[in-house]
Amino acid sequence: MSLNGFAGATAHFEPALIGEVVEASTTEFLAQAVELDSAPPFGVFVQVATDEPMTVYGVVAHVQTAGIDPGSRAIMRGHDDIRDDRIYQENPDLPLVLRTTFRALVVGFEEHGQIHQFLPPRPPRLHYSVFTCTPRTVTSFTNAGFDYLQALLNAQDVPVDELLAANLRHTTRSEGADFLQDAGRELAQLLRADYARLTGILRRCLAPIEMVR
Amino acid sequence: MIPASRLGLLVAGSVAEGLSARLDPSVPIEDVRLGKFVKIVGQKYEYFCLVTDVQLDSANNDVLRDPPGDPNKIDQFLRQVLSGTTTYALVKLKPELMLANLAADVAFEDADMVPRPARTIPPHFSNVSEATLADFERVFGQDDGKNHFQIGQPIDMDVPVCLDLRRFVERSNGIFGKSGTGKSFLTRLILCGVIKASAAVNLIFDMHSEYGWSAKNEEGIEVKGLSQLFGSRVAVYTLDLESSRGRGVKPAGEIKIALREISVADIALLQDELRLHRTAVESAALCEDKLGDDWVARLLDMNGEELTAFANLEGGNHASLSALRSKLRLIDRLPFVERSLERSTLDQVIAQLERGQHVVLEFGRQRNLLAYILAANVITRRLHELWVKKTERYWNTKDESDRPRPLMITIEEAHKFLNSDAARQTTFGTIARELRKFYVTLLVVDQRPSGIDAEVLSQIGTRITCQLNDERDIDAIFTGVSGGSHLRTVLATLDSREQALVLGHAVPMPMMVRTRKYDPVFYAAVAADPVSAMAARARRYEEIFGDE
């Protein structure tokens, strides 16, 4: 499992292949993780290259593991002392009938070396590879501004506040505390009418970072 | 691109009510103080403003209902994030002046190139920034030793703030402040500027003998007086030779006043000090009419019978005349008042002033108000008459060489001369109201401006105000000043020493200043005329090479 390996600021300097686009639209794309249960963490930046010199950036907004066949549902397989991981050992076919998918909200794109924090002209193509973003890519993306926070704030059918907090938490680990302060100020501007929501998000941003330090 | 000196952005305001600027999050609110001089760059003009208030505001009142007040890290972070965004500071500004914005692509008239009162306001979101040295020089001019004199520095910057001396001497001026705030230091400073620039001839009624030769500052250190700084250009006269000699002063002469030099106007002014009855002035007028110039001496010499006879003959009130006579004895007893003099000692002083030499009149031990008011009024009355004659001659001949030198008379405890009763009857009141018509102006030094007649106050050109606490005094300062309410808060925050608010005719806009230090650096700066510079060099030579 590579879940823990992803989190550290120094962990990845090369973009790691993490999935393949299986559904795409202007505002979001759905990708299947290359390996069962190895989707990128909730809230991180991912990228999809296209044929044109354009890279679409997204933020992981939802992760799901379920049966490959939309009609079939997983059933209970544990018995006696066969529990948890041992179920997988006893049923080697499970990775073949289950899959992990993740939904990423499109937050911007890069074209001719220029980063834009608005929706790309075309969605990514199906079956193209999804990579995690390196800290360097995250830096250049966030240096381009905080307009992407607005895109996250307006997302439908996702726990927006949790998503924002998770994204800021992850990004702060590589970008440092100053980033969080600047992003927090931007968020304070966006949420000036909703103080309770703002403080809720900012509290969730901060707690784990204190633990890391 | 945000300029480094930017403080914030203009967000609201009006010409009448002043402007509001939102402070940039990066600017610490505590760095913005009342009285700060800031510049707003509009599209056509640059506006120079004073900070008149600093306010806390918030975009969302929920923050104020549930403030992040815990000392823990989360609330600390919340406060950081909120400050400058949800919670921010508003700076209230009073636009004072506008000047052409040279960067603007607009054809300006000549009138736009000099500071003018702000009659409009810059558009929304104009940059509000700290004023630079160049801005100060554009507005206040440079200390050139001639027309501009540096009076101090702004509270938070090291740039000179200058008085325009030509404008300063055009009108009567006031230096106000409660006692111990450095009024007399400020007065001496300004007198030095006026003398150095030869902007006017000065006559100083030096009640506490601190302008002539030397004085002590608050720390008890001796500082130089005007005659030490300017040598023969300043002559010290005294009413008390013994006291002057005791202090090591070599006065140019002793002033005596003969009883015949005293007139009814002088008596009227002394009404308070002598506790005269209302009818006393009428009785005095009667005496002057009937007894001639020497009426005081003649009245004093009358015995009871003669007084009764005089009262009966001339229709005076006996009781009133008798009371007047006993009060006049107080004047007669003053050491510098003589029954008669062979020739008036005042002539010497007046001749000196006519030649353009400055005169300090020390009172020595005669520092009671009776002596001060009497002497000051007698002398000023004669000077005023003379200057009026000179001016009338100049009007007739229109010859530049006949134009009288501007004369500036410095009086302390001015409310005694210029209170609403006295101001109507005395020369000082006349001078204060007549302005520069006759080339005589007053430099009024006082701790109770509220005691001065409102009409006189409104004619005061430049007001230099140290700390004042009394509400009525503060009101008095702003008599006849537009936008005074904005400046009240500024005045209320002055330190008790070495700070002053300068407003009026000689400065383009009101300014809060740290007054210039009166120290050896200043001596060197003002005494830079050839003679004293030579003396200073000689002293320096002695310091380096010894006396040999």
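The numbers here are math on the coordinates, done by the rules we state, and not lab data. It should be emphasised that the depicted structure is a prediction, and the values quoted were computed from it without experimental measurement. All Cβ positions, glycine included, derive from the backbone under ideal geometry; neighbour counts span all protein chains shown.
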About its Cα centre, how strong a charge dipole does chain A have in debye, to the nearest 20, once Lys and Arg get +1 and Asp and Glu get -1 at the Cβ?
480 debye
Could you tell me which residue out of B:SER83, B:ALA297, B:ALA524 lies farthest along the dipole of chain B toward its positive end? Charges go on the beta carbon: Lys and Arg +1, Asp and Glu -1, centred on the Cα centre.
B:ALA297
Cα gyration tensor, chain A - rounded (a/c under 1.5), prolate or oblate:
prolate
For the range B:28-39, in order, what is each residue's ³J(HN,Hα) by Karplus, 6.51 cos²θ - 1.76 cosθ + 1.60 with θ = phi - 60°, in whole Hz (x at glycine and Pro)?
x, 4, 6, 7, 9, 10, 4, x, 5, 9, 10, 10
If one builds a Gaussian network model of chain A from Cα atoms under 10 Å apart, the most fluctuating residue listed among A:ARG203, A:ARG99, A:ARG173 is A:ARG203
Charge dipole of the range B:318-449 about the Cα centre (unit charges at C-beta), most positive-ward option of B:LEU330, B:VAL359, B:PHE417
B:LEU330
As I understand it, the value is the acute angle between the Cα axis of helix B:183-196 and the longest principal axis of the Cα atoms of chain B; what does it come to in degrees, rounded to 10?
80 degrees
The range B:6-140 shape via C-alpha gyration tensor axes, a/c threshold 1.5:
prolate
Among A:GLY184, A:GLY113, A:GLY71, determine the one that fluctuates most according to a GNM of chain A built with springs between C-alpha atoms less than 10 Å apart.
A:GLY71
Which FRET efficiency value, to the nearest 0.05, do you get for A:PHE118 and B:SER485 by plugging their Cβ-Cβ distance into 1/(1 + (r/R0)^6) with R0 = 41 Å?
0.25
Cα centre as origin, Lys/Arg/Asp/Glu Cβ charges: the range A:119-213 dipole, Debye:
180 debye
Which whole-Hz ³J(HN,Hα) couplings does the range A:76-86 yield from phi under the Karplus relation 6.51 cos²θ - 1.76 cosθ + 1.60, θ = phi - 60°, glycine and proline marked x?
5, 10, x, 7, 6, 9, 8, 9, 6, 5, 5
Under a 5 Å amide H to amide H cut-off, with H placed in plane at 1.01 Å, what residues pair with B:ASP24 once short-range neighbours are removed?
B:GLY8, B:LEU9
Rank these for me by crowding, B:SER20, B:SER26, going from fewest to most other beta carbons within 10 Å.
B:SER26, B:SER20
Per residue of A:182-189, count partner chain C-beta atoms within 10 Å of its C-beta, then hand back the mean as an integer.
4
By how many degrees, between 0 and 90 and to the nearest 10, does the Cα long axis of helix B:318-332 differ from the longest principal axis of chain B?
70 degrees
Helix-only mean residue ellipticity at 222 nm, chain B, DSSP H runs n ≥ 4 weighted -39,500 (n - 2.57), per residue, nearest 500. What is it?
-10500 deg cm²/dmol
With angles folded into 0 to 90 degrees, how steeply does helix A:177-190 sit against the dominant principal axis of chain A? Use alpha carbons for both and round to 10.
80 degrees
What ranking, highest mean first, results for peptides B:195-207, A:75-87 when packing means the other Cβ atoms within 10 Å averaged over each residue?
B:195-207, A:75-87
Per the rule of 0.36 nm per residue minus the C-alpha distance, extending B:ALA104 to B:GLN43 adds in nm 21.3 nm
With springs only between Cα atoms under 10 Å apart, run a GNM on chain A and tell me which of A:ALA66, A:ALA16, A:ALA74 wobbles the most.
A:ALA74
From the residues A:THR50, A:LEU163, A:PHE109, which one has its Cα farthest along the dipole of the range A:3-212 in the positive direction, the dipole being from +1 and -1 charges on Cβ of Lys/Arg and Asp/Glu about the Cα centre?
A:LEU163
